[in-house]
1. Counting only residues that are surrounded by 14 or more Cβ atoms within 10 Å (Cβ to Cβ), among the small types (Gly, Ala, Ser) and farther than 15 Å from residue A:698 by Cβ, how many does the stretch A:385-434 have?
2. In the stretch B:223-255, what residues are more than 14 Å from chain A (Cβ to nearest Cβ) and over 13 Å from the mean Cα position of the chain (by Cα)?
3. Any residue at all in the stretch A:552-575 that is within 14 Å of chain B (Cβ to nearest Cβ) and touching a strand residue (DSSP E or B) at 6+ places or on another chain (Cβ under 7 Å)?
4. Given the criteria over 30 Å from residue A:572 (Cα atoms) and at pLDDT 95 or above, does residue A:445 qualify?
5. Would a scan of the stretch B:74-97 turn up a residue that is within 13 Å of chain A (Cβ to nearest Cβ) and open to solvent by 10 Å² or more (accessible area, probe 1.4 Å)?
6. Filter the stretch A:224-278 down to the residues that are open to solvent by less than 10 Å² (accessible area, probe 1.4 Å), touching an Asp or Glu at 6+ places or on another chain (Cβ under 8 Å) and within 14 Å of another protein chain (Cβ to nearest Cβ) and list them by number.
7. So how many residues does the stretch B:183-198 have that are open to solvent by 40 Å² or more (accessible area, probe 1.4 Å) and in contact (Cβ under 8 Å) with a residue 60 or more places away in the chain?
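The values are calculated or read from the model by the stated rules, or taken from the named source; none is laboratory data. Since the model is a prediction, treat every value here as computed from it, not as a measurement. Don't worry about glycine lacking a Cβ; one is built from the backbone with ideal geometry, like all the others, and counts go over all protein chains shown. These area figures cover heavy atoms from the full protein model, side chains too; ligands, DNA and RNA do not enter into them. Shrake-Rupley method; radii C 1.70, N 1.55, O 1.52, S 1.80 Å.
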Amino acid sequence: MKFDTPAGTNPIDQLKVVGRPTDRIDGRFKTTGTAPYAYENPAPNAAYGYVVGAAIAKGRIASIDPGAAKGAPGVLAILTADTAGKLTKGDFNTANLLGGPEIEHYHQAVALVVAESFEQARAAAALVRIDYARGKGAFDLHAAKESAQPSKDQKDIKVGDFAAAFAAAPVTIDATYHTPDQAHAMMEPHASIAAWEGDQLTLWTANQMINWGRGDVARTLGIPKDKVRLISPYIGGGFGGKLFVRADAILAALGAKAAGRPVKVALQRPLMFNNTTHRPATLQRIRIGATREGKITAIGHESWSGDLPGGGIENAVQQTRLLYAGPNRLITARLATLDLPEGNAMRAPGEAPGLMALEIAIDEMAEKLGMDPIQFRILNDTQVDPEKPERPFSQRQLIECLQRGAERFGWSRRSATPAAVRDGVWLIGMGVAAGFRNNLVTKSGARVRLSPAGRIIVETDMTDIGTGSYTIIAQTAAEMMGVPLDRVDVKLGDSSFPVSAGSGGQWGANSATSGVYAACVKLREAVAQKLGFNSADAVFTGGKVRSGNRSAPLARAAAGGEIVVEDSIEFGDLAKRYQQSTFAGHFVEVAVHGYTGETRIRRMLAVCAAGRILNPKSARSQVIGAMTMAAGAALMEELAIDKRFGFFVNHDLAGYEVPVHADIPHQEVIFLDEVDPISSPMKAKGVGELGICGVAAAVANAAYNATGVRVRDYPVTLDKMLDRLPTAGPQGSP
Amino acid sequence: MRPFSYERVATPAEAASAAARTQGAKFIAGGTNLLDLMKLEIEAPTHLIDVNGIGLDRIEPTPEGGLRIGALVRNTDLAADKRVRKDYALLSRALLAGASGQLRNKATTAGNLLQRTRCPYFYDTNQPCNKRKPGSGCAAIGGYSRQLGVIGTSEACIATYPGDMAVALRALDATVETVKPDGSTRAIPIADFHRLPGDTPHIDTVLEPGELITAATLPAPVGGTHVYHKVRDRASYAFALVSVGAIVQRDGSGRVALGGIAPKPWRVEAAEAALPRGAKAVAEGLLAGAKPTGDNAFKLTLVERTLGAVLAQTRG
């Protein structure tokens, strides 16, 4: 189905199933331990692999000697680049998944030991002797900044005359912000089981994008794509870390070939931080010039990030192209070569770190103007693409998000003067930020079956990474076919199913359900035809099909055999004609300990405008999860770099702190009533990334409001505030 | 993890003699730290002696009016003990500031005293570490050292003792009771139990090979207001950047021990005389001779300010 004109009324608009808060249909399996994750699939006779990671960040393996590992108890095979045969780097990988003799980053896989048991593989892995010749690398973004180059991923944007307008502006700010490298730190590590039957490879693997993964497995191993099957029905978190094929999958496949039996490989937790991808650090310079009345006349956002040779930028400037009005604009992004582990997508790549900086800058500017930061944002709202004023937003309710949030949160009680509110030894502050994330749409397919028993079976290679895909797809099919939810079976995450949008870039919910919609339209036609109804006026409801005063059970259409149809949604140029984005107002209250600078969040509110909300329950769950992740970004998450040896030092979950329950006391989410017929026939958009965008800045702004200490270097930890905190306690001690 | 042999013993004496019999043996109780270290081959005992069956799981009054805490009393039980909560609240609060409920259910009093540093370079076997591999060097010095020690450290090691319980025990003047393989027993003041690294950072405590902790003994209660303030980046389940354990009397006198800044629970009795004069004066005495790194110099300020918060709370 082509989608190239705005959606009219369609069966989804009935909202009998879609749009209702619905429990996740996979929830029961997950809470009872009966949803098998990749590593848990039954694989009779499977052997276990253990990955050896490189001990240096850059250089060469001078010698590698399996030595004692070879004869260690239970060992079946030892794989290295010398013995693995020819491997080709995947299209979506920057560094090779099996390193050697060249080493491209710390903990790059250099060997896999396969043994009868996990413990034997682990013990033997410690016996592999490797000598390295350490090379010189670049590990410091600040130091590499001057050498950074333009990137094909973001051309320089120059609108009007930024320099002149900024110089002429009566009120300006010019500040530089830093966001650190961050880890996805999902609960389930990268994990795979590989099994060969002849030349046919089956991989149970944790992967968000089945079709990309299938292609890259085939490319890396040098086998035809149709010889690879990926199965990934349940995924224990991904956040972008599982968009791509990683070492576990390739090494499991190679290990299984070498051992002649299925092999399981899960990346050990200490490897998760340097072996895989991460969100790259950024340096961002933001300059804003405005009239005394608060109208932005010049806005400049320049960003620097680093990656391995051949890698890409962290596009921290993209939201600044669209978020605020202003006639004179300068937007640039530069890429430095760094020899740290591979940078890549993590939840809301670009916008998440970009808004961490931009939305502090907006707060700073509002203060300089003596304006309320919400009023400043409203004054500079735009309903059109500021670079192409002829191109409107399909929907843009940012102002409504901010106003509704302000009312709900009690924003009027915020003191405009920082460090003015105390609760005992705690300094209390409120912060706000705009949330913004583009709505991407991607071709997505599905197969739908009507069984003789009247059940609807949906098959698509779409994935559910904990987001609720199973449920919204079932809701879509139930709505379209006029059956209750429990008459629908959804099968996901298998490369033998039609190719979907996959889970990434918050495009999954809208695109994948639109693909199911398309297939259901086809099924409705097939059913109507079978029943001898005119498909245009057939009504599907209550398990029946009605046309005029005729009515028949849906199941009757399949009496002579199952009906199977397949279709895809393909998006035309609406995304070019209209800017499609999602918006939020994020509000945070924090308490900062007056003596120690410990910052604790007291409450959070997100007001989101993101098209039709397909399942308010799972959407809320997405948003509060994202808010939690942003709380981590604001207050604790940082991959600490050893700039001498070029690696992330805190490479386990004790060292890389993410929020715990005690950090997140109260969260509220409001979805504005919105439908966006330009987005898709579902009139929906995504929320999984919107929920993280802007929140960290709202936390930082709240900490500023509490203390009067502005921190521009994330995370906002106490050591960055300690010397500047207002005196604690009524006596002015300590 | 390297293969190891395993036995269970029934009495403390058996445990000590089993340790004497086997070179490279280690005791295991809760295993909350040892097993992790064995998986990474940071610890590689050839033999494990499981002491969970030897009793020593009671908290009993002493003739001196104190409490004798058996080596195998679990952290959860110790923190919840009515006598501990009433007379040694500092200990209860320190325990509850540590780890998670699940870990405290397993972790024992003796094991907690013996937990090893959380220096990230100690945990990464690719990196030189004098504590893990004597003579290999220290990657933490000149590296990422935000969490690490500011005082009592050496040119060989800047790791910290990570625990909370021992900070309280230090302020409470506890004694560690042990039995040696020859059957002799001794009582080690907590102040002397953990070692400074010097040029032998691989030796954390004064325990001799095969020597088994049997109890930690608390002297009679000293009264006062007990406060344990643990400062960290997240609200729970993290090691201290700085922790302050304090007992303050009505007259302003008291005791202070610090965690998160040194290779052992840090207490300078002489500095405590300054308590009535406030946090700054005490902190100066506690931190005299500190040698922080660029990454962790903030801990000096943080100690003073946390102490300020604690003193304000005791006045409160």
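1. Counting residues in the stretch A:385-434 that are surrounded by 14 or more Cβ atoms within 10 Å (Cβ to Cβ), among the small types (Gly, Ala, Ser) and farther than 15 Å from residue A:698 by Cβ gives 3.
2. B:223, B:224, B:225, B:226, B:247, B:248, B:249, B:250, B:251, B:253, B:254, B:255
3. Checked the stretch A:552-575: no residue is within 14 Å of chain B (Cβ to nearest Cβ) and touching a strand residue (DSSP E or B) at 6+ places or on another chain (Cβ under 7 Å).
4. Taking the combined requirement at face value, the residue does not satisfy it.
5. yes
6. The answer is A:273, and nothing else.
7. Matching residues across the stretch B:183-198 total 3.
Yes/no per residue for (1) acidic (Asp, Glu); (2) in a loop (DSSP other than H, G, I, E, B):
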{"site": "A:306", "(1), (2)": "no, no"}
{"site": "A:311", "(1), (2)": "no, yes"}
{"site": "A:316", "(1), (2)": "no, yes"}
{"site": "A:339", "(1), (2)": "yes, yes"}
{"site": "A:356", "(1), (2)": "no, no"}
